[in-house]
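*Asks:* Pasting a structure below so you can have a look.
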Ligand code: CA
C-alpha cells in the first residue's frame, strides 16, 4: 500500500465520499477535519497527495498550503465552494496543483488525482530540476532571465528556449525536444529555427562574458547548458 492521500475537509459527507472513491481505486486515504490535525499528521505520514478544502474551521486552506509548502512539494488539490476563491487558487504564489469547485463528482476528482500523480512521478524520475544554475536566474513572473547578475533582453522564444536549458544544466536536448518545449505549435516551425534563436541568445550572453559560452552545441543533435555555466 502506497503512502496515504490526505483529505482535509470539515464537511463529513464530502470527505467520506472522497475517501470511499479513493479507496475503491486502491488508494489509502486519511481524513482530517481541521488544518491543525492535518499539519500534525503531515510530517509523520508524508502523504503522496493532499486534497485541501479552502474553508476549514481553524485556518484557511490557503494558509495550510503555505505551511505545507515550507517543507514539501507534495501535490495539492484545492476544493473550493466559491467562485471568488478560484482566482486565488490560480495565483501561482500558493503552489496548488489543481482545484475543483463544489459540488463535484468524486470520480472525477479521483481521475484528477491520478493524472497529477502520474505527472509528478514523471518529474521525479527525471533528473532533479534546477530552477537556477549558478550563473542564471529565471524570474517566471517578470519573464526576465539574468545572467551573472545582468538582465538579458530576450524575445519570447529566446526566453523559453533558454529557460529550458537553464533548468537542467548538463542535460542535452535535441532540437526537436527544444521545439516541443519552447514553441506553442512546434509543427509550424523548422528545427533550424532553434539554431537561429540559440545564435541570438549566444550573442546576448557574449556581450556579458565575451570569453565564455555557457551553451554547448552537440553536433547533429542539439544543445545543453554547461553544468558549470
Ligand atoms: Ca469547509
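The values are calculated or read from the model by the stated rules, or taken from the named source; none is laboratory data. Keep in mind that what you see is a predicted model, and the values were worked out from it rather than measured. In this analysis, Cβ positions are derived from the backbone assuming ideal geometry, glycine residues included, and neighbour counts consider all displayed protein chains.
*Asks:* Only one of (1) under 30 Å from residue 3 (Cβ atoms); (2) surrounded by fewer than 16 Cβ atoms within 10 Å (Cβ to Cβ); (3) modelled with pLDDT under 75 is not met by residue 89, so which one is it?
*Replies:* (2)
*Asks:* Working carefully through the options 64, 52, 22, find the one that is in contact with a strand residue (DSSP E or B) (Cβ under 9 Å, 6 or more places away or on another chain), in a helix (DSSP H, G or I) and within 14 Å of the ligand (Cβ to nearest atom).
*Replies:* Exactly one residue qualifies, and that residue is 64.
*Asks:* Condition test on residue 43, is it in a helix (DSSP H, G or I) and touching a strand residue (DSSP E or B) at 6+ places or on another chain (Cβ under 6 Å)?
*Replies:* No, not satisfied.
*Asks:* Looking at the stretch 2-19, which of the residues that are in contact with a strand residue (DSSP E or B) (Cβ under 8 Å, 6 or more places away or on another chain) and under 15 Å from residue 116 (Cβ atoms) is surrounded by the most Cβ atoms within 10 Å (Cβ to Cβ)?
*Replies:* 7
*Asks:* Now a separate question. Considering only residues that are touching a strand residue (DSSP E or B) at 6+ places or on another chain (Cβ under 9 Å) and not in a loop (DSSP other than H, G, I, E, B), look in the stretch 203-220 and name the one that is surrounded by the most Cβ atoms within 10 Å (Cβ to Cβ).
*Replies:* The selected residue is 205.
*Asks:* Same structure, new question: Considering the stretch 67-90 alone, what residues qualify as being farther than 19 Å from residue 12 by Cα, touching a helix residue (DSSP H, G or I) at 6+ places or on another chain (Cβ under 9 Å) and either more than 15 Å from the ligand (Cβ to nearest atom) or not in a helix (DSSP H, G or I) (or both)?
*Replies:* Within the stretch 67-90, 67, 68, 69, 71, 72, 73, 74, 75, 76, 88 meet the criteria.
*Asks:* Does the stretch 21-37 include one or more residues that are under 30 Å from residue 142 (Cβ atoms) and either in contact (Cβ under 8 Å) with a residue 24 or more places away in the chain or within 18 Å of the chain's Cα centre (by Cα) (or both)?
*Replies:* No, the stretch 21-37 has no match at all.
*Asks:* Go through the stretch 1-19 and report how many residues are out of contact with any helix residue (DSSP H, G or I) (no Cβ under 8 Å at 6 or more places or on another chain) and either assigned to a helix (DSSP H, G or I) or away from the ligand (no atom under 13 Å from the Cβ) (or both).
*Replies:* 8
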